[in-house]
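Working notes, structure below.
The values are calculated or read from the model by the stated rules, or taken from the named source; none is laboratory data. All of these numbers come straight from a predicted model, not from anything done at the bench. Using ideal geometry, Cβ is built from the backbone for each residue, glycine included, and neighbour counts are taken over all protein chains shown. Accessible surface areas use protein heavy atoms only, side chains included; no ligands, DNA or RNA. Shrake-Rupley method; radii C 1.70, N 1.55, O 1.52, S 1.80 Å.
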Amino acid sequence: MKYIRQLLGLIGLLWVAVPALAAEGEESKLDISHVVLEHIKDSYEWHVTDIGDKPIVIHLPVIVRSSTSGWHVYCSSQFEHHADANGYRQGPDNFVIATQGDNAGKVVELVGGEEKRPFDISITKTVATMFISVIVLLLCILIPARWYRRHKASDEAPGGFTGFIEMLVMYVVDEIIKPGVGKGYEKYCPYLLTCFFFIFTCNIMGLIPFPPGGGNVTGNIAVTFFLALCTFVIVQFSGNKHYWKDIFWPDVPLALKAFPLIPAIEFVGIFTKPFALMIRLFANIMAGHAIAISLVCIIFLVATKAVGVFLGMSAVSVIMSVFMSTLEVLVCFIQAMVFTMLSAIFIGLARHEPEHE
């Protein structure tokens, strides 16, 4: 219910802007693709809302290293809010933010009129949201941990928030990790529990339509790539001799081994598994954000239409937005569970021993 109220609050803020949009006349057009992409993509500032013509923005640190002049640290407020005729948001020391081309949305250095990408470790909106999510996650784990340090195993089971976290941890361990990994699952619990709770927390934070939420962390392919890479590395180092034998010398007719069709397919499968993990999480979360913001945009699309059409379609937009937000809460849990479950299964398959042994 909390997230539904927050969504309704966001829609209320958008509703205030409708009269201004309608006043522009029938020629007003709303570029939905631009609105959706602005919400999904990363940026060097955290745009909250607009009051009239004045944007409310949280500026973030820009940290770049030039190949010629070394490290530079700026605040994103030092870059112009609007692009010039060449498509650049001008900043200090020949650094600009490109708004078009291959480096659109990125800080580049103009050297002799050419764009050069510096080494960039800026605290962007996605990074800031991820840091906040990690702090929230640590609090959610350390608070129950403090309770356990002060109680014995024979004491009565905890209730409230601590009991909820314990229930969630035991569910993930007993229903996801243990069946997936099998014997010796205990040493993989720290990593797999971290994956589950990190993804789940980032997903939930992404549903909050204003700071400290609103960042598209797990809808950023760089984040899902790193998570999938961690699973890939753990799977390969956990693989036993039977795992590698089934890849390079499987139990198939000798002709298929001599002409290494099956080993080639199995070898490619090593990389397709983490690739599927990466794309599944990225695509589902990004699509959920895109659909949610597109439904809200219906209000603006019909702002200049007849009153009946405007009110009717706006009501549909609100109802569908609430439904999508409720569904997104479920999707947040499911996607965290699926990533953890598949990671556990891949680890378990790499450690599988033949039945006759």
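Here are some notes:
- Where 53, 84 fall by accessible area, highest first, once all protein chains stay in place (1.4 Å): 53, 84
- Annotation: peptides 274-280, 163-169, ranked by per-residue average of other Cβ atoms within 10 Å with the highest first, follow the order 274-280, 163-169.
- Bins of 5 Å from zero: percent of alpha-carbon pairs in segment 131-186: 4, 17, 20, 20, 19, 17, 4, 0
- Accessible surface computed residue by residue for segment 211-264, with neighbouring protein chains in place and a 1.4 Å probe, gives 53 Å² per residue.
- Using a probe of 1.4 Å on the protein chains alone, the accessible area found for residue 273 is around 80 Å².
- Carbon + sulfur, % of accessible area of segment 186-231 - ligands and nucleic acids excluded, 1.4 Å: 80
- Here the calculated FRET efficiency for residue 236 and residue 120, from their Cβ-Cβ distance with R0 = 30 Å, stands at 0.50, rounded to the nearest 0.05.
- Shape analysis of segment 133-248 based on the Cα gyration tensor places the equivalent ellipsoid semi-axes at 29, 24, 10 Å, largest first.
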